[in-house]
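Working notes, structure below.
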Amino acid sequence: MALTDENRTETICQLTHHAMLVPWGRFSRHLKLSQRLRTALKVQRHKDAIPGGDLVLEFGMASLAGYEYLQDINKGRQPLAKDQAIQDAWDVRFAHYTNVSRFLYELDEENVSQVQAELEAVMQPYIRQEIQNALCHQEYLTWCGDLTGRPVSAYSTTYPPDATFGYMANQLEKGHQAVLVSMKGMRHRIHLAAFLHPGSTVSGACLTEIVESAESRTGCRPRRRTEKMEQRILAIEAKMAQKKRWIESQQTIIREQIERQIRLGDQLQALKPQLAELEQRYTDKPVRPHSKLAKARHQEASWKRQLASALELEHQARCALRTHQERLQTLTPERDHLLNRLARLKVDNATNPNPVRIRWLLDGGFGDSANVTDLIESGYDLYTIGHNGKLTDALLKEVPDDASWTQAGSRTDALDMGQRTFGECPYPVRLTLLRWKIGDSFRYSTLISFSDAETLPIEDLFPTYHQRQDVEAGIKQAKGTFSFTKLRVRSPAGIRILTQFALVFWPNFVRWAADWLANQVCNEEDRFWPVLQQVRTQVRIAANTSAVILTNASGQLLEFNDAGPFPGVQIRLDGPFVYQFPMPLFQSWEHLWPISSESVKEQIATCAVASDSQTLVSQFFARLGAGWPEKVPKNQVPERLAL
């Protein structure tokens with residue numbers, strides 16, 4: 001943007017106390033964020049009312065500005081609602097915070113899904129671009145997932161219906177559990193998806209949702225290991241065939257024992273009259289051991305013992321039969337479930353011509369045998385910690401006193417325990433004991449890893465797993481920088497929308513915007529470049545710094561206040577924005593007029609007509625009841641606008 005002698009005096013100056021929000025708003029207009037939210041959110045409102053999409057975006061901007069209370073939009077130290085430059089940049093109309101709060105209570109699950117789907121659609125080009133960049137430099141993607149708690153306020157007396165008690169940061173709290181799924185990019189972390197669950201939700205139950213959401217957002221998935229599932233099904237069918245043989249064997253035993261009981265019963269029944277007759281004959285005679293009566297009594301006792309034995313054998317056979325039938329009834333639906341899953345996985349392979357190798361890095365909450373089995377069958381490489389201490393205790397019993405531990409981290413040692421199965425997981429996995437010293441004693445855990453593409457050296461196993469701290473950093477960023485837990489909101493829809501903005505959309509948006517802004521900085525590039533690499537610095541400092549926006553018919557420029565932390569830094573706001581699809585296709589930029597306020601548009605038009613006026617800028621500030629910005633002298637405006 002350059003000024004000539006003809007348009008020097010056609011410049012309008014706006015003041016803002018949220019400098020970084022202005023270029024972010026300009027970037028959002030390239031993405032058509034406000035327009036898409038207005039179109040997507042189908043809520044019936046009065047024709048003169050502020051659109052629902054604007055109210056949702058205003059609520060999201062409270063998170064981007066780092067507010068702790070929704071009322072700070074209107075009553076904060078430097079309220080967003082009174083900053084016309086922000087509304088112009090974002091193409092949004094701000095309402096009173098009470099209107100925003102009431103509107104959030106009116107939204108239902110369908111409306112929240114509409115907002116979430118639109119935010120995901122806006123981010124799709126960015127995610128696909130980062131995936132392509134990662135796969136151009138390495139052969140695999142790295143995904144991480146974790147849960148974090150969002151407890152309700154200690155002062156709350158009313159709660160959303162799904163706020164329940166659960167463990168959050170090792171404490172029993174009432175609130176919600178949020179799930180974050182992230183991908184490790186070549187330059188920085190990419191947030192893929194987030195979900196909200198009741199506070200009682202545990203990690204392991206969310207794995208299927210995490211995997212499906214990551215595959216859906218990225219459009220990538222590995223080749224499913226259907227051959228392992230087929231082997232597992234064959235093993236189950238072999239067990240079923242064995243159970244059926246055992247059932248037939250027990251049924252044969254039962255049948256034989258019943259026949260034996262009938263035969264012995266008939267024999268005992270036939271012996272009774274003979275025994276009665278002999279007892280009558282031997283009434284006055286002594287009964288010798290080899291007499292007929294003694295032999296008859298001996299025969300009766302023998303048949304009774306055989307009858308009791310037949311009854312006991314029948315009882316044992318029936319118990320065994322019941323056990324085998326119950327186990328067979330368990331195996332049958334398990335086999336059917338696996339057959340259905342195998343069919344789905346085969347369809348996935350048939351419709352996936354370019355499978356991608358993907359690593360999952362998960363904490364111990366996901367490390368049970370069922371989850372490990374599912375991830376292996378789904379084709380993933382896996383690095384996780386054992387779910388409980390039983391596995392570690394069993395391995396420690398096998399460790400000799402002179403075992404050679406390998407240093408795997410600054411405080412961590414590792415000991416390879418080889419390939420073996422654990423729990424109900426039918427596939428051998430690599431188990432590695434980890435230990436670290438606290439005080440005078442060691443603590444232990446078990447690292448579970450699986451990969452059929454590579455075998456990492458033992459010293460690289462723990463550092464690979466430790467990359468999972470990336471998602472922990474994302475959670476910390478959402479809570480500390482984007483006010484995920486600080487911003488007080490109680491409406492169910494509001495909490496879910498805040499989850500999408502704070503955990504997924506804003507972290508990606510700020511980094512994506514930084515790529516565009518890197519080419520828009522006019523001066524002090526070396527000094528401002530580190531700021532663009534630090535999300536927290538941009539949100540907490542740059543977005544709360546004063547600046548002046550200079551606008552004329554040729555373009556727009558933002559200059560930070562000389563008294564602030566970035567004195568003299570200038571950012572052009574009228575540059576193009578282009579990104580490339582992986583196919584590749586190009587979406588060219590469309591010029592969007594940087595001012596949405598009708599009053600400012602009218603003044604720009606007036607400037608264009610009355611080009612001979614020499615005092616329009618002064619008149620503009622006089623109408624605002626303010627003079628020129630203290631750090632931007634009037635005689636320096638043309639020089640600072642000239643590029």
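Observations, loosely collected:
- Of the residues making up region 320-367, those that are assigned to a loop (DSSP other than H, G, I, E, B) and either under 30 Å from A473 (Cα atoms) or hydroxyl-bearing (S, T, Y) (or both) are T351, P355, V356, D363, G367.
- Number of the exception - L180 against (1) surrounded by 14 or more Cβ atoms within 10 Å (Cβ to Cβ); (2) touching a residue at least 12 places away in the same chain (Cβ under 8 Å); (3) within 28 Å of R335 (Cβ to Cβ): (3)
- Matching option when the condition is surrounded by fewer than 22 Cβ atoms within 10 Å (Cβ to Cβ), of a type outside the set (A, V, I, L, M, F, W, C), touching a residue at least 40 places away in the same chain (Cβ under 8 Å) and not in a helix (DSSP H, G or I), among R45, R77, R36, R93: R93
- Criterion (loosely packed, with under 12 Cβ neighbours inside 10 Å and closer than 30 Å to E314 by Cβ) met by exactly one of T283, T252: T252
- For P79, the stated conditions do not hold, so it cannot be described as touching an Asp or Glu at 6+ places or on another chain (Cβ under 8 Å) and within 30 Å of A205 (Cβ to Cβ).
- Search result, residues across region 286-300 that are within 19 Å of P273 (Cα to Cα) and open to solvent by 100 Å² or more (accessible area, probe 1.4 Å): K292, K295, R297, H298
One line per residue, one yes/no per condition, for (1) crowded, with 20+ Cβ neighbours inside 10 Å; (2) among the β-branched types (V, I, T); (3) in contact with an Asp or Glu (Cβ under 9 Å, 6 or more places away or on another chain):
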position	(1), (2), (3)
E334	no, no, no
R341	no, no, yes
K346	no, no, no
N349	no, no, no
L362	yes, no, yes
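- Only one entry in A85, A121, A62 is touching a residue at least 12 places away in the same chain (Cβ under 8 Å), closer than 27 Å to M186 by Cα and in a helix (DSSP H, G or I), namely A121.
- Residues satisfying the stated conditions in region 186-208, i.e. in contact with a strand residue (DSSP E or B) (Cβ under 9 Å, 6 or more places away or on another chain) and open to solvent by 10 Å² or more (accessible area, probe 1.4 Å): R189, F195, L196, H197, P198, S200, T201, V202, S203, A205
- With respect to (1) under 30 Å from P125 (Cβ atoms); (2) surrounded by 15 or more Cβ atoms within 10 Å (Cβ to Cβ), the lone exception for G219 is condition (2).
- Only one entry of N99, N111 meets the criterion of being touching a Leu at 6+ places or on another chain (Cβ under 8 Å) and open to solvent by 50 Å² or more (accessible area, probe 1.4 Å), and that entry is N99.
- Checking each residue in region 125-159 for being under 19 Å from the mean Cα position of the chain (by Cα) and free of Cβ contacts under 8 Å to residues at least 60 places away in the same chain picks out only G149.
- Of all residues in region 150-164, one or more are in a strand (DSSP E or B), of a type outside the set (V, I, T) and either modelled with pLDDT under 90 or crowded, with 19+ Cβ neighbours inside 10 Å (or both).
- Residue pairs meeting the criteria (Cβ under 6 Å; at least 6 apart or on separate chains; first aromatic (F, W, Y), in region 486-501; second not in a loop (DSSP other than H, G, I, E, B)): F501/G60; F501/S63
- Qualifying positions in region 558-573 - under 37 Å from the mean Cα position of the chain (by Cα), over 12 Å from A542 (Cα atoms) and open to solvent by 20 Å² or more (accessible area, probe 1.4 Å): R572
- Tally of residues being within 51 Å of the chain's Cα centre (by Cα), surrounded by fewer than 16 Cβ atoms within 10 Å (Cβ to Cβ) and either over 27 Å from E259 (Cα atoms) or in contact (Cβ under 8 Å) with a residue 40 or more places away in the chain (or both) across region 302-324: 1
- Filter result for T373 (touching a Ser or Thr at 6+ places or on another chain (Cβ under 7 Å), open to solvent by less than 20 Å² (accessible area, probe 1.4 Å), assigned to a helix (DSSP H, G or I) and of a type outside the set (A, V, I, L, M)): no
- Lone qualifier among Q329, Q316 - being among the polar types (S, T, N, Q), in contact with a helix residue (DSSP H, G or I) (Cβ under 9 Å, 6 or more places away or on another chain) and over 30 Å from H466 (Cα atoms): Q316
- Checking W529 against (1) in contact (Cβ under 8 Å) with a residue 40 or more places away in the chain; (2) in a helix (DSSP H, G or I); (3) of a type in the set (A, V, I, L, M, F, W, C), the condition it does not meet: (1)
- Tally, over region 381-405, of residues that are touching a helix residue (DSSP H, G or I) at 6+ places or on another chain (Cβ under 9 Å) and open to solvent by 40 Å² or more (accessible area, probe 1.4 Å): 2
- Selected residue (only one of I236, I247, I258, I254 is free of Cβ contacts under 8 Å to residues at least 60 places away in the same chain, over 30 Å from R496 (Cβ atoms), part of a helix (DSSP H, G or I) and among the hydrophobic types (A, V, I, L, M, F, W, C)): I258
- Matching residues, region 193-232, being in a loop (DSSP other than H, G, I, E, B), more than 11 Å from the chain's Cα centre (by Cα) and in contact (Cβ under 8 Å) with a residue 60 or more places away in the chain: V202, G219, C220, R221, P222, R223, R224, R225
- Members of region 441-480 that are of a type in the set (A, V, I, L, M, F, W, C) and either in contact (Cβ under 8 Å) with a residue 12 or more places away in the chain or under 12 Å from D381 (Cβ atoms) (or both): L447, I448, F450, A453, L456, I458, L461, F462, V471, A473, I475, A478
- Complete set of residues in region 132-147 that are of a type outside the set (D, E, K, R) and open to solvent by 10 Å² or more (accessible area, probe 1.4 Å): Q132, N133, L135, C136, H137, Q138, Y140, L147
- The residue of region 65-74 that is most open to solvent (accessible area, probe 1.4 Å), among those that are in contact with a helix residue (DSSP H, G or I) (Cβ under 6 Å, 6 or more places away or on another chain) and not in a loop (DSSP other than H, G, I, E, B), is N74.
- Residue within region 263-276 that is in contact with a strand residue (DSSP E or B) (Cβ under 6 Å, 6 or more places away or on another chain), open to solvent by less than 40 Å² (accessible area, probe 1.4 Å), part of a helix (DSSP H, G or I) and farther than 30 Å from E424 by Cβ present: no
The values are calculated or read from the model by the stated rules, or taken from the named source; none is laboratory data. Please read these numbers as outputs of a predicted model, since none were measured by experiment. Cβ atoms come from the backbone with ideal geometry, glycine included; neighbour counts cover every protein chain shown. Areas reflect the complete protein model, heavy atoms only, side chains present, ligands, DNA and RNA absent. Shrake-Rupley method; radii C 1.70, N 1.55, O 1.52, S 1.80 Å.
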